[in-house]
Amino acid sequence: MLSISGRVGIPGIPQASYAASKTGLSGLSTELAVQWARRSIRVDTVAPGFFRRRDHRPALRG
């Protein structure tokens, strides 16, 4: 199973509700990975970051 999280789920980016949902998804994936490992089911989360663009500068500054 593969979950797509995001850089916003990592502390430091000020978008509380979105960050909370992405952090929750990462926690769920970690818990499922532990529970399902004995059945040889792999679980992981991918958290892509920003592409550097002018309109992202305010978010990157914090």
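How do the peptides 21-28, 35-42 rank, highest first, by the average count of neighbouring beta carbon atoms within 10 Å per residue?
On the way: 21-28: 15.6, 35-42: 9.6.
By packing density, highest mean first, the sequence is 21-28, 35-42.
Between L2 and R38, take the C-beta separation as r, use R0 = 25 Å, and let me know the FRET efficiency to the nearest 0.05. Before the final figure, lay out each step's value.
On the way: r = 19 Å, r/R0 = 0.78.
Between L2 and R38 the formula returns 0.80.
Read-outs: derived from the displayed coordinates by stated rules, not from any lab. The shown structure was predicted, so the numbers you read here are calculated from the model rather than taken from an experiment. All Cβ positions, glycine included, derive from the backbone under ideal geometry; neighbour counts span all protein chains shown.
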